[in-house]
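Peer 1: Provided herewith is a single structure, encoded as structure tokens, for subsequent inquiry.
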Amino acid sequence: MAGPTEGIEVDDVPAESRFVVRGSGGAAELAYHRNGKRLVLVHTEVPDAWEGRGVGGQLVRAATRRARAEGLTLVPWCPFARRWLDEHPDERSDLQIDWETQPP
């Protein structure tokens, strides 16, 4: 991996309900589930060696792109995704986000 967010490619793997970044040090993922017109962000996992490189943010950005493209409401159950979306209002300004629904 290069510097922060350079060369980071995120794959959406709907069959596994996750966005994934793969590299020589392993894989990072944002697990989700689709519930009708809602994209529920469940959990983000980034290898320790990749922390601070923007990988988690790129995973959440991939979710925002999908939500925009498909007209979905994001439901950020994942604490990292929730915090990231809160800290990046420009990335969520045109999205429907359900901040209220909590995990079961």
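Each reported figure results from applying straightforward, stated rules to the coordinates on display, with no laboratory input. From a predicted model like this one, the values you see are computed outputs, not experimental measurements. Neighbour counts run over all protein chains shown; Cβ positions are idealised from the backbone, glycine included.
Peer 1: Give me the extension gain from residue 98 to residue 27: residue separation times 0.36 nm, minus the current Cα-Cα distance, reported in nm with one decimal. Don't jump to the answer; show the numbers that get you there.
Peer 2: On the way: separation 71, 0.36 × 71 = 25.56 nm, distance 2.79 nm.
Between residue 98 and residue 27, full extension yields an extra 22.8 nm.
Peer 1: Name the GluC sites (Glu not before Pro) in the chain that are in a loop by DSSP and that have at most 15 other C-beta atoms within 10 Å, would you? Can you show the working numbers first?
Peer 2: Working: sites: 6, 9, 16, 29, 45, 51, 70, 87, 91, 100; in loops: 6, 9, 51, 100.
Passing sites in the chain are 6, 9, 51, 100.
Peer 1: Using only alpha carbons, build the gyration tensor for region 11-97 and give me the equivalent ellipsoid semi-axes, biggest first, whole Å.
Peer 2: Values: eigenvalues 83, 44, 21 Å².
Values for region 11-97, descending: 20, 15, 10 Å.
Peer 1: Still on this structure: How tilted is helix 55-70 with respect to the longest principal axis of the chain? Cα atoms for both, answer in degrees (0 to 90, nearest 10).
Peer 2: Long axis of 55-70 versus the principal axis of the chain: about 40 degrees.
Peer 1: Once you charge only the Cβ atoms, +1 for Lys and Arg and -1 for Asp and Glu, what is the size of the charge dipole of the chain about its Cα centre, to the nearest 20 debye? List each step's numbers first, then the result.
Peer 2: On the way: 13 positive and 17 negative charges, 58 e Å.
Using Cβ point charges on Lys, Arg, Asp and Glu, the chain gives about 280 debye.
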